[in-house]
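Data block below; observations after.
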Amino acid sequence: MDIGQGLRKRTLELTSIATAVVIWEIAARIIDIKYILPSFTSVASAFIGLVQEGELYRDILTSLNYFVIGIGLAILVGIPIGTLMGWFKSIDRVVDPIIEMIRPIPPLAWITFAILWFGLTKYAAGFVIFIGAVFPIIINTYTGFKNTPRVLVESGKVLGCVRNIDIIYRIALPSALPSIATGIRVGMGVGWMCVVAAELFGVSTYGLGWKIWHWNDLHHMDMVLTYMLVLGMIALMIDRLFRYLVEEWWLKWQSGVVV
């Protein structure tokens, strides 16, 4: 992409955001009831106040702490399970029915058990996020390994990869990496959405999700919307960072290595 194309792309993105903000401000002024739709200016004012007070930083760090615990555990559990299911048919037959029974249960339904097992701690919040994130990782990892081209496996055997562990590590894993990356990306998106639910039961008096419930109870909808937008902006940054790492490091070979 040349400089001109990059500039046009950024201009289009900024124009889209500016248009949405203008429509939002006009709609809020027409409705003129802040409890229904706070205006952009009131939300911007609330955001600036939170930044100046320094409370927003602690809320962000608290939520990110829960998120890292949940996503880290989801990756550690999801990739091995998906690998075993995708590569060994017997394991797939045993584990798949269990996965498919548990997967449709909403993460919100696990809050009671999270509290019983972990108490009102960060690990309870991380567990709720883990439940939301682990299944996309398992399914996409499973798909990646199951769809490994047979010609690659046979070629590997000819070249000396005869043990299962060697075939998995040297052939199946590189072939499955795009699917694994997709699973992690989807899992992170679902996990971040679960942050609000994970903070619903008051693990801490800080956190983006908890503050949404707190300000909602006080009917400060400008603060509620501010924290909602912060959640969205952080989700965007996490997604962009992960995509950059995948494209520039993890799967750089897909587009060719520039010498």
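The values are calculated or read from the model by the stated rules, or taken from the named source; none is laboratory data. A quick note: this is a predicted structure, and the numbers were derived from the prediction, not measured. Positions of Cβ are backbone-derived with ideal geometry, glycine not excepted, and every protein chain shown enters the neighbour counts.
Looking only at residues that are in contact with a Leu (Cβ under 6 Å, 6 or more places away or on another chain) and modelled with pLDDT of 85 or more in segment 36-93, which one is farthest from GLY126 (Cα to Cα)? Give the steps one after another, and end with the answer.
Here is the first cut: in segment 36-93, the ones in contact with a Leu (Cβ under 6 Å, 6 or more places away or on another chain) are 38, 43, 50, 56, 59, 63, 91.
Now restrict to residues that are modelled with pLDDT of 85 or more: 56, 59, 63, 91.
On the way: LEU56: 20, ASP59: 15, SER63: 10, ILE91: 27 Å.
Applying the filter and picking the extreme gives ILE91.
Could you give me the residue pairs with C-beta distances under 7 Å whose first residue belongs to segment 216-243 and is of a type in the set (S, T, N, Q), whose second residue is assigned to a helix (DSSP H, G or I) and modelled with pLDDT under 85 wherever it lies, and which are 6+ apart or on separate chains?
From residues that are of a type in the set (S, T, N, Q), the pairs are THR226/VAL43; THR226/ALA46; THR226/PHE47; THR226/LEU50.
For segment 208-223, which positions are of a type in the set (A, V, I, L, M), out of contact with any Asp or Glu (no Cβ under 7 Å at 6 or more places or on another chain) and either part of a helix (DSSP H, G or I) or crowded, with 17+ Cβ neighbours inside 10 Å (or both)?
At the first step, the residues of segment 208-223 found to be of a type in the set (A, V, I, L, M) are 208, 212, 218, 221, 223.
In the following step, the residues that additionally are out of contact with any Asp or Glu (no Cβ under 7 Å at 6 or more places or on another chain) were identified as 212, 218, 221, 223.
Passing the criteria: ILE212, MET221, MET223.
Take SER63 and decide whether it is within 30 Å of ILE137 (Cα to Cα), surrounded by 18 or more Cβ atoms within 10 Å (Cβ to Cβ) and among the hydroxyl-bearing types (Ser, Thr, Tyr).
Details: within 30 Å of ILE137 (Cα to Cα): yes; surrounded by 18 or more Cβ atoms within 10 Å (Cβ to Cβ): yes; among the hydroxyl-bearing types (Ser, Thr, Tyr): yes.
Against the criterion (within 30 Å of ILE137 (Cα to Cα), surrounded by 18 or more Cβ atoms within 10 Å (Cβ to Cβ) and among the hydroxyl-bearing types (Ser, Thr, Tyr)), SER63 qualifies.
Within 21 Å of THR62 (Cα to Cα), at pLDDT below 85 and among the acidic types (Asp, Glu), is that true of ASP217?
Numbers: within 21 Å of THR62 (Cα to Cα): yes; at pLDDT below 85: yes; among the acidic types (Asp, Glu): yes.
Answer is yes for this residue.
May I ask you to list pairs of residues, at least six apart or on different chains, whose Cβ atoms are under 6 Å apart, with the first in segment 12-35 being part of a helix (DSSP H, G or I) and of a type outside the set (D, E, K, R) and the second being modelled with pLDDT of 70 or more and surrounded by 10 or more Cβ atoms within 10 Å (Cβ to Cβ)?
Cβ pairs passing all conditions: VAL21/PHE40; TRP24/PHE40; ALA28/LEU37; ALA28/SER39; ILE31/LEU37.
State yes or no: is MET193 surrounded by fewer than 18 Cβ atoms within 10 Å (Cβ to Cβ), aliphatic (A, V, I, L, M) and either in contact (Cβ under 8 Å) with a residue 40 or more places away in the chain or more than 23 Å from ILE131 (Cα to Cα) (or both)? Give the derivation first.
On the way: surrounded by fewer than 18 Cβ atoms within 10 Å (Cβ to Cβ): yes; aliphatic (A, V, I, L, M): yes; either in contact (Cβ under 8 Å) with a residue 40 or more places away in the chain or more than 23 Å from ILE131 (Cα to Cα) (or both): yes.
Against the criterion (surrounded by fewer than 18 Cβ atoms within 10 Å (Cβ to Cβ), aliphatic (A, V, I, L, M) and either in contact (Cβ under 8 Å) with a residue 40 or more places away in the chain or more than 23 Å from ILE131 (Cα to Cα) (or both)), MET193 qualifies.
Of the residues THR226, THR148, THR205, which single one is outside any helix (DSSP H, G or I), farther than 25 Å from GLU248 by Cβ and either of a type in the set (S, T, N, Q) or modelled with pLDDT of 85 or more (or both)?
THR205
Residue under question is ALA109, and the condition is that it be surrounded by 17 or more Cβ atoms within 10 Å (Cβ to Cβ) and assigned to a helix (DSSP H, G or I); does it hold? Steps first, answer last, please.
Working: surrounded by 17 or more Cβ atoms within 10 Å (Cβ to Cβ): no; assigned to a helix (DSSP H, G or I): yes.
Criteria not met by ALA109.
Considering ILE91, ILE69, which residue is without any contact (Cβ under 8 Å) to a residue 12 or more places away in the chain and touching a helix residue (DSSP H, G or I) at 6+ places or on another chain (Cβ under 7 Å)?
Among ILE91, ILE69, only ILE91 is without any contact (Cβ under 8 Å) to a residue 12 or more places away in the chain and touching a helix residue (DSSP H, G or I) at 6+ places or on another chain (Cβ under 7 Å).
Which residue, of SER90, SER42, is more than 30 Å from ILE180 (Cβ to Cβ) and either among the charged types (D, E, K, R) or more than 23 Å from the chain's Cα centre (by Cα) (or both)? Give the derivation first.
On the way: SER90 fails: more than 30 Å from ILE180 (Cβ to Cβ).
Answer to the check: SER42.
Can you tell me which residue within segment 229-259, out of those that are loosely packed, with under 10 Cβ neighbours inside 10 Å and closer than 16 Å to LEU177 by Cα, is modelled with the highest pLDDT?
TRP249
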